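The block underneath contains the structure these notes are about, expressed in structure tokens.
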Amino acid sequence: MAGASKAVADSRANLPFVYRQYSAEQLKQVLYKMYLIRRFEEGAEESYMRGLIHGTMHLSIGQEASAMGICMPLGEDDQITSTHRGHGHCIAKGAEVKRMFAEFFGKTTGYCKGRGGSMHIADVAKGNLGANGIVGGGIPIAVGAALSSKMMKTGKVVVSFFGDGANNEGAFHEALNMAAVWKLPVIFVCENNGYGMSTSTARSTAVKNIADRAAAYSMPGVIVNGNIFSEVAEASHKAVERARAGEGPTLIESKTYRHRGHSKSDRNRYRTKEEIEDWMSNRDPITLFENELREFGFIDGPGIEAIREAVAREIADGIEFAKVSPSPDVRETGNYVYTEQA
Amino acid sequence: MDAMVRELSYAQAIQEAMAVAMDMDERVFLMGEDIGVYGGAFQVTGDLVDRFGTERVIDTPISELGGAGVAVGAALTGMRPIFEFQFSDFATLAMEQIVNQAAKMRFMLGGEVSVPVVMRFPAGSGTGAAAQHSQSLEAWLGHVPGLKVIQPATPYDAKGMLLAAVADPDPVMIFEHKLLYKAKGPVPEGYYTVPIGKADIRREGRDLTIVATSIMVQKALDAAATLEAEGIDVEVVDLRTIRPMDRQTVVDSVKKTSRLMCVYEAVKTLGIGAEVSAMIAESEAFDYLDAPIVRLGGAETPIPYNPELEKATVPQVPDIITAARDLVKGVR
Ligand SMILES: Cc1ncc(C[n+]2csc(CCOP(=O)(O)OP(=O)(O)O)c2C)c(N)n1
Ligand SMILES: [Mg+2]
């Protein structure tokens, strides 16, 4: 679905992948969505502090380019399975922030009708089969979805997002093996942010790169800088093509970083302030993308300002929508346990 | 000389028990996810890593099946591991090692070995953590011969029963309600044990026996205080151990009060309440019953995220009061 015309494409011949592949409008939309993810999570965090949201949440601030880059070549029919750190994936796959806020506020207008909350956020209509409270829980499910795609000949590609910590669950290994043996149209995306909660990959994982695991399952293992949108999108493109061509799965390791603590109860004692600050000030994915867009002439200062303002409005409207939405009736605790039958 | 008694939280009491056990016996060590520098998801291990080092406070990768199995293997061969699940829900990933291996090893090998492993499970709802982080699965493990399953309800019992578990030659599973971690109570310094397999009468009464587990013990006591003002005298039995169950204490209590109610957070059907009820129905206490037995348990649903729904799915103090009143006044 290349958006750039031939003439424009020629003039961009030396630019990184996405600038050759997509139109200026599409790229601006990517920036919009990266801001939308960031501001959504900031809004959720603030609402949590103010007691409007309960439970806990896992913020993906700092990982926006990874979610957007992976989802860029996916169509609406393609599917994803996501993780406890799944707000970005959900928005990148096309969810509306107002219904996400409504879910976090426990309202009936939320994507899971107030039953799931942050950790189970989903948007089945847009192909997001759900975040997951179980580390690694979504990986075999993605393989199952890919098996459906193959058996039903729907042509769908399935992406499974998971963290570096998840690569040490048995489910990861069992799932990759089956996907490879059966040449399924699935893409395994490890968002390696350096830590599973407090445990660094060096302390938890026998291989240096998660992508090295791919060799054990005879599939390509690709490492990308997860904070550079273009790099992620390019790797995702290739993996999607391979999957659609029936050549089987790919493992993409997207190296990134979470700016916030693991969840709302993290003392951050396992990493240094300097490390966090370095990632925030020197490798922020939104800043990096914005700088490239400007440098290559896709957007100017006022253009960026307009995006930020539009995002702020969408966030404010979304929170308002969530606030005024109705709560579920406590007499309906039994709903959705089983499928309603006429 | 009596040991000094302080007010400690339930979490501090468990931490102290682990420290006492590690000081006394160098075979005792801790394993689990993020129990080192992070201090555990609920700060139960806290700063123990600073005191005992990373050799004895081991952060595992996120590998519940493997981790639990490693603990079983170490226990089988001379060590005394205490394995922490980050949430009891993740026991589901380790069921193979718990149910097929730890529980049956001694039996299958004709008594040639034993598996003195302790596993700790932060359990229960009330934290807004939704369906996969809020379950009460103790009855699942309670169904497995070879395991011992306990649910201490106070800081005192949490420490004493953990020390009893470490001393026990067989696998002991400890379910700790997350909402109890901050609850405070008197805890003696140093070593003491509270026996596994013994219930505790937490309040004596004449009109009704409430058999409760874990967090429901305090709720039952709160309900009993309200009911006392109405002239209903409730006896509260804290079951403490669900396998092996203390039959005699419950039977004796029901013979005294002639009425039985079971209160527990786990899903109501096919659970602890069914076992306690059947135990009474099969016992000499049956003839003493003046009214049908009542069970108050969790709703037949996963735990929802919405806080109001979440509260509505597990018994609360007003539910216990109403049910007890109806039971004693013969409404049902
Ligand atoms: C099976 C299971 N074990 C443990 C947890 C608790 N937990 C939730 S997220 C997490 C860390 C996951 O790390 P990673 O996969 O790297 O994802 P990240 O949080 O870094 O995005 C842990 C230990 C869980 N939810 N499920
Ligand atoms: Mg991680």
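The values are calculated or read from the model by the stated rules, or taken from the named source; none is laboratory data. Nothing here was measured: the structure is a model prediction, and the numbers come from that model. Note that we place each Cβ from the backbone using ideal geometry, even for glycine, and neighbour counts take in every protein chain shown. The protein model used for the area step is the full one, side chains on, heavy atoms only, and it has no ligands, DNA or RNA in it. Shrake-Rupley method; radii C 1.70, N 1.55, O 1.52, S 1.80 Å.
Once the Cα-Cα distance is subtracted from the 0.36 nm per residue extended length, the A:Lys183 to A:Glu277 segment shows a gain of 29.6 nm.
Count Lys and Arg as plus one, Asp and Glu as minus one, and take only other residues whose Cβ is under 13 Å from that of B:Phe29; the net charge is then -2. The relative contact order of chain A comes to 22 percent, based on Cα pairs under 8 Å that sit 6 or more residues apart.
Normalised by the number of residues in region B:200-329, the average gap of Cα pairs under 8 Å and 6 or more apart makes the relative contact order 29 percent.
Per residue of peptide A:329-335, the mean number of Cβ atoms on other chains within 10 Å of the residue Cβ is 5. Using a cut-off of 18 Å between Cα atoms, the listed pairs A:Lys150/A:Lys183; A:Lys33/A:Lys126; A:Lys107/B:Lys182; A:Lys33/A:Lys255; A:Lys126/A:Lys238 include A:Lys107/B:Lys182; A:Lys33/A:Lys255; A:Lys126/A:Lys238 as exceeding that distance. Modelled label positions at B:Gln316 and A:Ser23, each set 7 Å beyond Cα in the direction of Cβ, lie 5.4 nm from each other. Accessible area ranking (1.4 Å probe, heavy atoms, ligands and nucleic acids excluded), largest first, for A:Met49, B:Met245, B:Met18, B:Met79: A:Met49, B:Met79, B:Met245, B:Met18. Computed from Cα positions, the angle between helix B:247-257 and the longest principal axis of chain B comes to roughly 20 degrees. Between the C-alpha center of region A:226-270 and that of region B:27-102 there is a gap of 29 Å. The Cα trace of region A:114-153 gives Rg and Dmax of 11.6, 34 Å, the first to one decimal, the second as a whole number.
Annotation: A:Ser5 carries an accessible surface of approximately 60 Å², with a 1.4 Å probe and no ligand, DNA or RNA atoms counted. Sorted largest first, the principal axis extents computed over the alpha-carbon atoms of region B:200-329 equal 43, 35, 23 Å.
With helices as the sole contributors, chain A gives -13500 deg cm²/dmol at 222 nm; each DSSP H run of n ≥ 4 counts as -39500 (n - 2.57), and the sum is divided by every residue. Annotation: average projected area of chain B is 17.3 square nanometres, based on the convex hull of Cα atoms across all directions.
Computed from the alpha carbon positions, the gyration tensor of region B:5-188 leads to an equivalent ellipsoid with semi-axes of 23, 19, 16 Å, biggest first.
When nucleic acids and ligands are ignored and a 1.4 Å probe is applied, A:Ser230 ends up with an accessible area of around 10 Å². For region A:269-275, putting each phi into the Karplus relation 6.51 cos²θ - 1.76 cosθ + 1.60 with θ = phi - 60° gives couplings of 8, 9, 8, 8, 4, 4, 4 Hz, in residue order, rounded to whole numbers and with x for Gly and Pro. Using 0.36 nm per residue and subtracting the Cα-Cα separation, the extra length available between A:Asn268 and A:Ser11 on full extension is 87.9 nm.
Take every Cα pair under 8 Å whose residues are at least 6 apart in sequence, average their separation, divide by the length of chain B, and the relative contact order is 16 percent. Solvent-accessible area of the protein assembly as shown (1.4 angstrom probe, protein heavy atoms only): carbon and sulfur portion equals 53 percent.
Summarising the strand pairing of the protein assembly as shown, around 20 percent of its internal DSSP beta bridges are antiparallel.
Taking 7 Å steps out from each Cα toward its Cβ at B:Glu230 and A:Ser200 produces label points 6.0 nm apart. Per residue in region B:20-63, which ones lose no less than 40 Å² of accessible surface when going from chain alone to all protein chains (1.4 Å probe)? Going by heavy-atom accessible area, the residues of region B:20-63 that drop by at least 40 Å² are B:Asp34, B:Val37, B:Tyr38, B:Asp59, B:Pro61, B:Ile62. Work through the residues other than B:His133 whose Cβ is under 12 Å from its Cβ and net out their charges, Lys, Arg +1 and Asp, Glu -1. Residues close to B:His133 contribute a combined charge of -1. Interface of B with A. Using a 1.4 Å probe and counting protein heavy atoms only, the two chains hide about 2900 Å² of accessible surface, both sides summed.
Against the longest principal axis of chain B, how steep is helix B:64-76, in degrees 0 to 90 to the nearest 10, with axes from Cα atoms? That works out to roughly 80 degrees.
Of the residues B:Thr322, A:Thr56, ranked by 1.4 Å probe accessible area with the largest first, the sequence reads B:Thr322, A:Thr56.
Once the Cα atoms of helix B:155-167 and of chain B are each reduced to a long axis, what angle between those two axes, in degrees from 0 to 90 to the nearest 10, is obtained? Between helix and principal axis, roughly 50 degrees.
For the pair A:Asp329 and B:Phe107, label points projected 7 Å from Cα toward Cβ lie 4.8 nm apart.
Accessible area of A:Asp300 (1.4 Å probe, protein heavy atoms only, ligands and nucleic acids ignored): about 90 Å². Short to long, the 20 Å bins of the Cα pair-distance histogram for chain A hold 31, 59, 10, 0 percent of all pairs. Shown is the FRET efficiency for A:Val337 and B:Leu270, computed with R0 = 22 Å from the Cβ-Cβ distance and rounded to the nearest 0.05: 0.90. Taking chain A as a Gaussian network of alpha-carbon nodes connected by springs under 10 Å, the highest mean-square fluctuation of the residues A:Ala102, A:Ala306, A:Ala179 belongs to A:Ala306. Checking every one of the trypsin sites (Lys or Arg not before Pro) in region A:184-242 against DSSP loop status and a limit of 16 other Cβ atoms within 10 Å picks out A:Lys208. Each Lys or Arg adds one and each Asp or Glu subtracts one; over the other residues with Cβ under 13 Å from the Cβ of B:Ala274, this totals 0.
Pick out, in residue order, every one of the GluC sites (Glu not before Pro) in region B:44-88 that is DSSP loop and has at most 13 other C-beta atoms within 10 Å; say none if there are none.
Counting only loop positions with at most 13 other Cβ atoms within 10 Å, the GluC sites (Glu not before Pro) in region B:44-88 are B:Glu55.
Taking all protein chains together, A:Glu274, A:Glu42, B:Glu112, A:Glu169 sort by accessible area into B:Glu112, A:Glu274, A:Glu42, A:Glu169, largest first [probe 1.4 Å]. Where both bridge residues fall in chain A, DSSP classifies roughly 10% of the beta bridges as antiparallel. Within region B:200-329, DSSP assigns beta bridges of which about 20% are antiparallel (rounded to the nearest 5).
How much length is gained if the chain between A:Asp317 and A:Asp77 is pulled fully straight, taking 0.36 nm per residue apart and subtracting their Cα-Cα distance, in nm to one decimal?
Length difference between fully extended and current span is 83.6 nm.
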